[in-house]
Amino acid sequence: MAKIVSLAEAVGDNVRDGDTVAMEGFTHLIPYAAGHEVIRQGRKDLYLVRMTPDILYDQLIGVGAARGMKFSWGGNPGVGSLHRFRDAVENQWPRPLEIEEHSHAAMANAYEAGAANLPFATLRGYIGADLPKVNPNIKSVTCPFTGEVLAAVPAIRPDVTIIHAQRADRKGNVLIEGIVGVQKEAVLAAKRSIVTVEEIVDELNPPSPNSLVLPRWVVTSVAHVPGGAFPSYAHGYYPRSNAFYIGWDEIARDRDSFTAWIKENVLDARPEDFAKHAGNKPAKAA
């Protein structure tokens, strides 16, 4: 059953050196505050998993917390490259980074296989693509019923999945609204999970038609962190900070400017600092 705890306690209890860690959230609800707490607590040798690694994983890679990454498309959305990611791959700074690249479809299916406790996922994909030439974890299987040859990839089973959501009730049930991405599958596939939320409320009702509820028995820890998805957006709460994504390109290009930014905004900061980004709260919220 989910426990409502501080973010520091959630990360301390659930994220361990050497873990495979998934931090999901598609376009919005990216768990930046939780990622910063992982950095503050000095976790290392993490194997990062994410469908679309962007600035948050650039930060984790840049501080040397990651030994590898499984992903599909990596970049600063709408801006360009992830410079700390590139520096790690091209120059092994601050340490070498193992990479395993997949398509979006393969990652989504691999999470779903992990959530179903299956060893691998099959899909109609990679036809005519070059990724199988460089990724030995993309294989093929033949359907025993039709003879069709399908792509196969290992299931994703993180040690811990971290997501951000709009609300949780006081029992630990979690409500996600807007673009739901693979958050549900990523949580169900993991051994442990952390959910940071904008609000703790008495009742989750009324959820919107495009929403899902993660019941408390599939969540390990819930932490109240208003603004915890900034600079991405939280549907119904605050918008995406396009200026931050543009500004990050210059910050991350240089190792010294990156290191200085991390010290000021992560190492010397607190989860409570994200609250200034929290915005329009639902009228019935507690």
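The values are calculated or read from the model by the stated rules, or taken from the named source; none is laboratory data. Small disclaimer: the values here were computed from a predicted structure and weren't measured. Neighbour counts run over all protein chains shown; Cβ positions are idealised from the backbone, glycine included. SASA here: full protein model, heavy atoms, side chains in, ligands and nucleic acids out. Shrake-Rupley method; radii C 1.70, N 1.55, O 1.52, S 1.80 Å.
Let's see how each residue does on (1) in contact with a Leu (Cβ under 8 Å, 6 or more places away or on another chain); (2) closer than 18 Å to V11 by Cα; (3) without any contact (Cβ under 8 Å) to a residue 60 or more places away in the chain:
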site: A243; (1), (2), (3): no, no, yes
site: E250; (1), (2), (3): no, no, yes
site: V266; (1), (2), (3): no, yes, no
site: A278; (1), (2), (3): no, no, no
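Residue-wise test of (1) over 18 Å from the mean Cα position of the chain (by Cα); (2) at pLDDT below 95; (3) open to solvent by 50 Å² or more (accessible area, probe 1.4 Å).
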site: Q166; (1), (2), (3): no, no, no
site: V174; (1), (2), (3): no, no, no
site: E203; (1), (2), (3): yes, yes, yes
site: R216; (1), (2), (3): yes, no, yes
site: F230; (1), (2), (3): no, no, no
site: Y238; (1), (2), (3): yes, no, no
site: I251; (1), (2), (3): yes, no, no
site: L267; (1), (2), (3): yes, no, yes
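Would you please list the contacts, defined by Cβ atoms under 6 Å and residues six or more apart or on different chains, that run from a residue in the stretch 186-202 that is farther than 15 Å from A155 by Cβ and assigned to a strand (DSSP E or B) to a residue that is open to solvent by 10 Å² or more (accessible area, probe 1.4 Å) and of a type in the set (V, I, T)?
Between residues of the stretch 186-202 that are farther than 15 Å from A155 by Cβ and assigned to a strand (DSSP E or B) and residues that are open to solvent by 10 Å² or more (accessible area, probe 1.4 Å) and of a type in the set (V, I, T), the close pairs are R192/T220; S193/T220.
Of everything in the stretch 179-198, what is open to solvent by 10 Å² or more (accessible area, probe 1.4 Å) and of a type outside the set (V, I, T)? Give them in sequence order.
Of everything in the stretch 179-198, those that are open to solvent by 10 Å² or more (accessible area, probe 1.4 Å) and of a type outside the set (V, I, T) turn out to be G181, K184, E185, L188, A190, K191, R192.
Test of understanding: among T52, T20, which residue is modelled with pLDDT under 95 and under 14 Å from the mean Cα position of the chain (by Cα)?
Testing whether each residue is modelled with pLDDT under 95 and under 14 Å from the mean Cα position of the chain (by Cα) leaves just T52.
All but one of (1) at negative phi; (2) over 18 Å from the mean Cα position of the chain (by Cα); (3) surrounded by 19 or more Cβ atoms within 10 Å (Cβ to Cβ); (4) not aliphatic (A, V, I, L, M) hold for Y57; state the number of the condition that does not hold.
(2)
Tell me, which residue of the stretch 117-142 that is of a type in the set (K, R) and under 26 Å from the mean Cα position of the chain (by Cα) is least open to solvent (accessible area, probe 1.4 Å)?
Here the answer is K139.
Under 8 Å between Cβ atoms, at least 6 apart or on separate chains: pull out the pairs that start in the stretch 20-45 with a residue that is on the phi > 0 side of the Ramachandran plot and end on any residue that is open to solvent by 40 Å² or more (accessible area, probe 1.4 Å) and of a type in the set (V, I, T).
Sorted first by the residue in the stretch 20-45, then by its partner, the pairs are T27/I179; L29/I179.
Filter the stretch 60-83 down to residues that are closer than 16 Å to P96 by Cβ, of a type outside the set (A, V, I, L, M, F, W, C), open to solvent by 10 Å² or more (accessible area, probe 1.4 Å) and over 14 Å from the mean Cα position of the chain (by Cα), then give me how many there are.
Residues that pass the stated criteria total 2.
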